[in-house]
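First comes the structure, then the notes that go with it.
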Amino acid sequence: MVEDASVAIDLSSIAFNFQQAKQAAPNSKVMAVVKANAYGHGAVPVAQCLDAADAFAVARVQEAIELRSAGINHSILLLEGSKVMAVVKANAYGHGAVPVAQCLDVADAFAVARVREAIELRSAGINHPILLLEGVFDEAGVRQAEQYDLDVALHQPYQLDLLKNTNLKVWLKLETGMHRLGLPADFLKVCARTLPPSQILGVMSHFSDADQPSLEKNANQLETLLTLAAPLGLPVSMANSAGILAGLGTSCDWIRPGIMLYGANPYLDQAVSLRPAMSLTAPVIAIKALRAGDTVGYGSRWQAEQACNVAVLAIGYADGYPRQIQTGTPVWLNGQRETILGRLSMDMMTVSVSSKALPLIGDRAQLWGKDLAIEEIARQAGSLPYVLMCGLGPRVTRTYPAPSTASHEL
Ligand SMILES: Cc1ncc(COP(=O)(O)O)c(C=O)c1O
């Protein structure tokens, strides 16, 4: 068979060439630039063969993530583009704030909502800048922020009084149309005059409608931020995930991705290509053979039309699975889509078994994850991926299996 065009990459040549650079500057550390897929040679194999490098440099966050996913543990420097403030509030949207922050050491900063969340990160040895998105509300909050070296948002005039004689670094948060947290334009100027320039990290705002990127309001909000921040000469930040994926606010100095880090779609009606990080699974704990006419669960909401087998899974609304889910919602069991039957209980649910081969006790069904989009479950529950991820109950344990090579093929 005639093969298509291909290239053969001799990694030993790359290692040799690296040594040439090293020998030319024996007293310097070497940061190997592996951006643009290592100039077309494959970033991961090249980085793997350059284990002797002191650090790697890439141009895009995605490139850094690819290296980390492949087990490259060197320091990675981002050469260009916006800085990234990874939003890891609400226990990293249910994924576990500390392990997520540890795997995102390539981020330039982290953002959380509560002081307690920041303290958790600091206690785990996370030394990145951490922004309290809602800032501090009293003197005690100021002292905690000082103690844990936290940055703070300033979005209300009273916070200027709290912050003006401190060393805390401040993001001025501007009102541009969300009408939740944000300073009026004239007070932005007051803050910029009152605080020393070294204390101000930048000016930020937040889209109210980025999940509908074509709405004119988004462009207006961005324009307001850029126009009012420009005379101050400060870095700016606008975009959350929906903004980033739509290219809204991505030329600002900082971006603030949240949900997209976890692989969920921030839009309701637009596909994105992200990989879900979370797979929620639960074990089969019982198999039952039903006769025609038998009913399942509280309220006898589902009735077997004919004899069939069903499986009981050890997961219920106490674990955060949405109680409002209806019969017919899918679960993924042994390579097959099955459906939830009847009402969800606190600790269990019953699902169909459509294959002849019965599941075994202990087989794990997936409730959402790589084989079953969380967006589909959220839609059926009249909810959002954000809500489902953040709503997992304390009984649900989190594990972090080592990434398989296959799951990281691009
Ligand atoms: C100020 C701010 N920036 C960024 C984010 C991240 O948003 P998303 O998860 O939609 O990317 C949030 C989350 O609500 C936020 O409050």
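A few points about this structure:
- Here each label is just a point 7 Å from Cα along the line to Cβ, and for residue 167 and residue 402 those points are 4.2 nm apart.
- Annotation: peptides 320-326, 4-10, ranked by per-residue average of other Cβ atoms within 10 Å with the highest first, follow the order 320-326, 4-10.
- Pairs of Cα atoms nearer than 8 Å and 6+ residues apart set the relative contact order; for the range 83-262 it is 18 percent.
- Spatially, the range 209-237 and the range 30-89 are offset by 30 Å when compared through their Cα centroids.
- Out-of-range pairs (alpha-carbon distance over 25 Å; input 35/173; 164/189; 164/217; 35/83; 35/217): 35/173; 164/217; 35/217
- Residue 361-residue 69 FRET efficiency (beta carbon distance; Förster radius 45 Å; 0.05 resolution): 0.85
- Burial ranking of peptide ranges 271-281, 132-142 (average Cβ count within 10 Å, highest at the top): 132-142, 271-281
- Compared with the direct C-alpha span, the chain from residue 55 to residue 270 gains 73.6 nm at full extension, assuming 0.36 nm per residue.
- Prolate/oblate/rounded call for the range 83-262, Cα gyration tensor, a/c under 1.5 rounded: oblate
- Cα lying deepest toward the dipole's positive end in the chain, options 84, 384, 309, charges on Cβ: 309
- Label zone at residue 309 (point 7 Å along Cα-to-Cβ), backbone N below 13 Å, the range 326-349: 334
- Helical content alone sets the calculated 222 nm signal of the chain at -8000 deg cm²/dmol, taking -39,500 (n - 2.57) per DSSP H segment of four or more residues and averaging over every residue.
- Nearest-0.05 FRET efficiency for residue 28 and residue 326, computed from C-beta distance (R0 56 Å): 0.30
- Judged by the gyration tensor of its Cα atoms, with axes a ≥ b ≥ c, the chain is oblate; a/c meets the 1.5 cut and b/c is at least as large as a/b.
- Peptide packing for 220-228, 350-358 was compared via the average number of neighbouring C-beta atoms within 10 Å per residue; ordered from the highest value, the list is 220-228, 350-358.
Bear in mind these aren't lab numbers, they're just calculated from the coordinates by the rules spelled out. In this text, all values refer to a predicted model and were calculated from it rather than measured experimentally. Every residue, glycine among them, receives a Cβ derived from its backbone with ideal geometry; neighbour counts consider all protein chains shown.
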